[in-house]
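Novice: Please see the structure below; I have some questions.
Each value in this text was obtained by applying a stated rule to the coordinates, not by laboratory testing. As the structure is a computational prediction, the values presented were derived from the model and not from experiment. Using ideal geometry, Cβ is built from the backbone for each residue, glycine included, and neighbour counts are taken over all protein chains shown.
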Amino acid sequence: MTEVTGTTWNVYDANTLTQAEIYGRVLCDLAEADPRIVALTADLARSTKIGVFQDKFPQRVFNVGIAEQDLFGIAAGMAKSGLLPFVSTMSAFASMRALEQVRTDICYQNLDVKIIATHGGVSFGQAGTTHHCTEDIMSLEPLAAKWTAFGWEVREIDGHDFAQIGEAIEGAQATKGAPTVIICNTVKGKGVDFMEDQVKWHYGSIDSKLAARAKASITGGVS
């Protein structure tokens with residue numbers, strides 16, 4: 001697995017990584033050794049952080065456009081043809097717009113498809129209501145038990161632990177004969193003293209002074 005250093009602060013800062021960026025890096029590592037791995041996106045490769053995979057393996061990335069139902073149907077077909085698809089989209093789209101395709105095309109056939117759903121709930125505040133939902137939890141809760149009942153391999157981890165994220169992605173690649181879901185349990189604003197587990201920061205904005213305080217809280221004052 002790629003060695004990870006630094007802290008999560010700003011997704012545009014090349015010296016730090018988010019959870020989704022860890023996923024993109026690990027997927028590249030796995031694809032080096034496994035030619036079956038392909039990545040699928042519905043016009044969200046950069047947002048879901050598989051852009052690094054797209055840069056490295058352009059012939060193994062399939063962008064279906066803004067058509068999430070097709071996204072999962074195509075992934076099912078690829079799995080049946082012997083490929084190992086990793087599907088990346090936002091949680092609202094995986095759990096609502098394409099839930100029937102996830103159930104019927106993938107779950108019913110126990111296909112080896114890996115679904116990485118990012119930006120859960122209302123965590124992606126600046127994206128607006130079209131990219132928010134509570135149904136990603138409500139329609140699938142209890143998450144681990146329901147996915148297990150569907151016949152999926154379930155890996156539940158601490159979403160703030162980068163080592164666990166990397167190990168879970170590697171474990172998903174190694175799972176045979178069943179689709180895999182990775183449940184990352186996270187806390188909004190983790191590590192920021194005034195923000196951690198506070199509902200208002202799902203939609204609130206910060207000024208430059210609070211931004212500096214948040215960065216200091218995460219980095220321990222190290223710039």
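Novice: Using r as the Cβ-Cβ distance of Ala149 and Lys176, and R0 as 25 Å, what FRET efficiency do you calculate, to the nearest 0.05?
Specialist: Working: r = 20 Å, r/R0 = 0.79.
Between Ala149 and Lys176 the formula returns 0.80.
Novice: Further, regarding this structure: At a 10 angstrom cut-off on C-beta neighbours, averaged per residue, how do the peptides 110-116, 184-190 rank from highest to lowest?
Specialist: Listed from highest to lowest mean packing, they are 110-116, 184-190.
Novice: If you don't mind, another one. For Phe72, Phe57, what's the fewest-to-most ordering of other Cβ within 10 Å of each Cβ?
Specialist: Ordered from fewest to most neighbouring Cβ atoms within 10 Å, Phe72, Phe57 come out as Phe57, Phe72.
Novice: What spacing in nm lies between the two simple spin-label points modelled at Tyr108 and Asp197, each 7 Å away from Cα in the Cβ direction?
Specialist: So the two model labels end up 4.2 nm from each other.
Novice: Tell me which lysines have Cα within less than 22 Å of Lys146's Cα, excluding those fewer than 8 residues away on the same chain?
Specialist: Excluding near neighbours in sequence, the set is Lys114, Lys176.
Novice: Less than 18 Å apart at the alpha-carbon level, and either on another chain or at least 8 residues along: which lysines does that give for Lys215?
Specialist: Correct list for Lys215: Lys188, Lys190.
Novice: Using 1/(1 + (r/R0)^6) with R0 = 22 angstrom and r between the beta carbons of Leu210 and Thr186, what's the FRET efficiency to the nearest 0.05?
Specialist: Computed FRET efficiency for Leu210 and Thr186 comes out at 0.60.
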